[in-house]
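A quick write-up on the structure given underneath.
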Amino acid sequence: MDVQIEASWKARLQEEFDKPYFATLTAAVRQEYGAGTCYPPGRLIFNAFNLCPFDRVKVVIIGQDPYHEPGQAHGLSFSVNDGVPFPPSLQNIFREIHDDMGTAMPQSGNLTRWAQQGVLLLNATLTVRAHQANSHARLGWQEFTDAAIKALAGEREHLVFMLWGGYARGKRGMIDASRHLILESVHPSPLSANRGGWFGQHQFSRCNAYLQEHGIEPVVW
């Protein structure tokens, strides 16, 4: 499979591209995009990888699947394009960063600025049908994205994995907590966050403290 993805990731994931499931996945995704509107745009499906090469990753934030309304998704979990109103989960993320770090609320929900600093904003499922959350959850993406998580956890040291909500926390078993920092909490969606366990966790400052302890440049959140 000739997948257009950043070179360091292509080298790490070539085995996945060569497996039968990935050919089946590719065919299914092409059929879905040909049959109707899907997100993100095809050229941005691997945007999280392309903006954040393997050796530059220092933080991993795992989402479930892309936003499914027009203009939102651009291949980075929790991120929206410039000028798009902040979805509720992103509002709560920014509110917690403000409370934790004292930084001003940003003007844009475009998190490319994080990706370029080494934050891998990875959705477990990389595509979605318009207006239908989790509509591509069974196409096979999770086998691929799990392979990416395992590669990072196995080959790198001193990464920070932010696992928000039950779905992301289910990935904990792939990560060696003696080699990496795992920060777990409820999901930042209002339904979960307003019940407690999201606000006041200081995940962003804890992340930066861990990075600095290991001689790694902290993230400008």
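Looking only at segment 194-217, count how many residues are closer than 15 Å to Ile61 by Cβ and in a loop (DSSP other than H, G, I, E, B). Residues that pass the stated criteria total 2.
Residues that are open to solvent by 30 Å² or more (accessible area, probe 1.4 Å), more than 14 Å from the chain's Cα centre (by Cα) and touching a residue at least 12 places away in the same chain (Cβ under 8 Å) within segment 100-116 comprise Met101, Thr103, Pro106, listed in sequence order. Take the residues of segment 47-99 that are more than 13 Å from Trp114 (Cα to Cα) and of a type in the set (Phe, Trp, Tyr): which is surrounded by the most Cβ atoms within 10 Å (Cβ to Cβ)? If we take residues in segment 47-99 being more than 13 Å from Trp114 (Cα to Cα) and of a type in the set (Phe, Trp, Tyr), then Tyr67 is surrounded by the most Cβ atoms within 10 Å (Cβ to Cβ). Scanning segment 172-193 for residues that are in a loop (DSSP other than H, G, I, E, B) and surrounded by 13 or more Cβ atoms within 10 Å (Cβ to Cβ) returns Ile175, His180, Val186, His187, Pro188, Ser189. Taking into account only those residues within segment 15-46 that are within 26 Å of Trp114 (Cα to Cα) and free of Cβ contacts under 8 Å to residues at least 60 places away in the same chain, which is least open to solvent (accessible area, probe 1.4 Å)? My answer is Leu44.
Screening His180 with (1) touching a strand residue (DSSP E or B) at 6+ places or on another chain (Cβ under 7 Å); (2) closer than 25 Å to Asn110 by Cα; (3) not acidic (Asp, Glu) gives one miss only, at (2).
The values are calculated or read from the model by the stated rules, or taken from the named source; none is laboratory data. Keep in mind that what you see is a predicted model, and the values were worked out from it rather than measured. Please note: Cβ atoms are built from the backbone with ideal geometry, for glycine as well, and neighbour counts cover all protein chains shown. With ligands, DNA and RNA removed, areas are computed over all heavy atoms of the protein, side chains included. Shrake-Rupley method; radii C 1.70, N 1.55, O 1.52, S 1.80 Å.
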